[in-house]
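Each remark here refers to the structure printed beneath this line.
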Amino acid sequence: MHKRERTERGDKKQSLSIPKGISLMYKKILFVCTGNTCRSVMAQGLLRKMLSEEGIKDVKVSSAGTAALSSYGIFGILEKVLKEEDIEISNHKPIQVTPQIVRDADLILVMERKHKQAILEMAREVENRVFLLKEFAGEKENLDIPDPIGHPEEVYRSRLEEIKGYLKKILKKIKG
């Protein structure tokens, strides 16, 4: 178990032990990348599938981007790679991250340091809930997950496998 501080109603801080069991603590998990058209979408789809396979139904998984526009589209390569994982994203519309979205999340997992910084600039009070995905999975070095956009299909597959591996570690960690 690890500890974290949490501000309740903005008036006092208390140290809380994170309980074992995902359904007890992390009801709302948010993934963040830049455009909300690739990495965060991969992570959202993968974790939803993993939770479903575990029979966990009371956790909401969402994603957003620090520079997302609703006019952005999902690249065909990403859609193809996720379909191979039985993950459907054809109706996904990118969402711009906002202070309210991050405040509502119990756990915020970002792909790069710049995403964490952007979130902290808009909502400093979520500092104890925002982590780099790889950091939360237990990694200590090379914590950014690079964007595959503009690269060949094999880079998308590689990034998907990388994210999936870290999500498996995270699911095991927070499930207890």
Original post:
among the aromatic types (Phe, Trp, Tyr) and under 25 Å from residue 174 (Cα atoms): does that describe residue 75?
Top reply: no
**OP:** Kindly indicate whether any position in region 119-135 is farther than 20 Å from residue 61 by Cβ and hydrophobic (A, V, I, L, M, F, W, C).
**Re:** yes
**OP:** Collect the residues in region 150-173 that are β-branched (Val, Ile, Thr) and within 14 Å of the chain's Cα centre (by Cα), keeping them in residue-number order.
**Re:** 163, 170
**OP:** Take the residues in region 47-66 that are β-branched (Val, Ile, Thr) and within 18 Å of residue 94 (Cβ to Cβ), then tell me which one is surrounded by the most Cβ atoms within 10 Å (Cβ to Cβ).
**Re:** 66
Subject >> Flag for residue 150 being out of contact with any strand residue (DSSP E or B) (no Cβ under 7 Å at 6 or more places or on another chain) and modelled with pLDDT under 95 >> reply: yes
**OP:** Provide a single number: the residues in region 52-66 that are within 22 Å of residue 144 (Cβ to Cβ) and either part of a loop (DSSP other than H, G, I, E, B) or in contact with a Leu (Cβ under 9 Å, 6 or more places away or on another chain) (or both).
**Re:** 5
Subject >> Qualifying residue in region 36-53 (condition: over 20 Å from residue 162 (Cβ atoms), aliphatic (A, V, I, L, M) and touching a Pro at 6+ places or on another chain (Cβ under 9 Å)) >> reply: no
Original post:
If you check 55, 45, 76, which single one turns out to be over 19 Å from residue 28 (Cα atoms) and small (Gly, Ala, Ser)?
Top reply: 76
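The values are calculated or read from the model by the stated rules, or taken from the named source; none is laboratory data. On a predicted model such as this, the values are computed, not experimentally measured, just so you know. Don't worry about glycine lacking a Cβ; one is built from the backbone with ideal geometry, like all the others, and counts go over all protein chains shown.
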